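For reference, the structure discussed in these notes is given below.
Read-outs: derived from the displayed coordinates by stated rules, not from any lab. Please read these numbers as outputs of a predicted model, since none were measured by experiment. Note: ideal-geometry Cβ built from the backbone for every residue, glycine included; neighbour counts use all protein chains shown.
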């Protein structure tokens, strides 16, 4: 075997009236929302019996009626104050009419992820479910240009999402993918995106969304507003968002100056593809302004374009609980109408109907912990990583067989490379900042004596992340 030197550093509200990933202010010590859910679906007769209610008196639970009719019945039963409490990240529910609370925020950027530290834990891990299959980040996956793989990843992620929902560890609405076009690699969220090409970004979005959402056998559904959903995806952040915090400018007050041509050819194109080809069920508006107008208050972008031109079958959202705090006053002051809130709720609850949240989804209710982190999904993630590695250069005809590294759920780079040769490991740096110079010399000396040097470096969340450019 050849001798290798491995130098390893640190790796790598929702007002659905119009339509930001701002951090909610929920108490982090609250009991996770999903753990309080002891039912499979809302309109379960036994659930209503336990509540001391007669389900037959609630038309919104009559599965023989169209979704629109059922949702109207549900909304008409609410007071204005109750309606307002349903248009934030955490919908409080209305116990007196049998409507439970619902947490809208779960994440699945490249696998179901843990957002428990931020909110009331719609998707989270613990001792029972320590993790889900982690696929490569989109910026890596998209480098394969393999559209069928992008969809397969979405299918695998949604299967694990459904299993986690059954186990009380996730919701059914996932705020992924991030499809903002990257104009500057210094942006802290660039790794979340499919890159800088609008067409490639849009193609990835529609493929991944189809994998997440599509239910087998429903391809020929004529009424797309009633088409069943496996899980609900969300294409974010619409639009012209690629700065978080830079030189005193934050995403919340950034005003992007964009020409109509650049909007059409660059920033809007991926979202149009996501809606029209992917039939995504949700679009999230971005934090910033565009040419002086806050995107989340731009009627032209949110209504005329998304709904009028693209025919969105779903909801547009603004991440946060701002509207639960202020919408009631806005109605009283005449700034919005109660009918606007009703329309928003109509979009919300039709999506939940399509997800089986009210009536159940028997084809997914048998999914369990055994369907999370399966060998098949791990192999798919490994293959995605293989195909996404496009910058490997071989020199002087020196090669080594990476296939000797036996795949495992928990294999470190050091363990993996050690299976292919005699490896001497030197840390080189103990952090991304690499402030400890004493580790560089041993790494340099080891590299001089090795047949090949594998340098594992990258960025971590201390220098590249949301809110950190």
- Query: If you take the square roots of the eigenvalues of the alpha-carbon gyration tensor of region 145-199 and sort them as a ≥ b ≥ c, do you get rounded (a/c under 1.5), prolate (a/b over b/c) or oblate?
  - Reply: oblate
- Please list the radius of gyration and Dmax for region 307-380, considering alpha-carbon atoms only, with Å as the unit. 18.8, 57
- Would you please state the base-10 log of I(q)/I(0) at q = 0.08, 0.10, 0.15 1/Å for region 33-371, with intensities from the Debye formula using one equal scatterer on every alpha carbon? -0.37, -0.58, -1.36
- Item | Difference of contour (0.36 nm per residue) and Cα-Cα distance, residue 387 to residue 96 | 99.5 nm
- Task: Just subtract the alpha-carbon distance of residue 420 and residue 335 from 0.36 nm times their residue separation and send over the number in nm, one decimal.
- Result: 23.9 nm
- Two-site FRET efficiency, residue 199 against residue 50, from Cβ-Cβ distance with R₀ of 45 Å, rounded to 0.05: 0.30
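Quick one: divide the alpha-carbon radius of gyration of region 205-269 by 2.2 N^0.38 Å and tell me what you get.
It is 1.60.
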- Task: Give the calculated FRET efficiency between residue 435 and residue 412 to the nearest 0.05, with a Förster radius of 35 Å applied to their Cβ-Cβ distance.
- Result: 0.90
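Would you please give the FRET efficiency between residue 220 and residue 291, computed as 1/(1 + (r/R0)^6) with r the Cβ-Cβ distance and R0 = 41 Å, to the nearest 0.05?
On the way: r = 41 Å, r/R0 = 1.01.
Plugging the Cβ-Cβ distance into 1/(1 + (r/R0)^6) gives 0.50.
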- Query: Considering the zone a paramagnetic label at residue 148 would reach in this model (a point 7 Å from Cα along the Cα-to-Cβ line), which residues of region 170-211 have amide N under 19 Å from it?
  - Reply: 203-211
- Which distance in nm do the two modelled labels at residue 57 and residue 368 give, with both placed 7 Å along the Cα-to-Cβ direction? 3.9
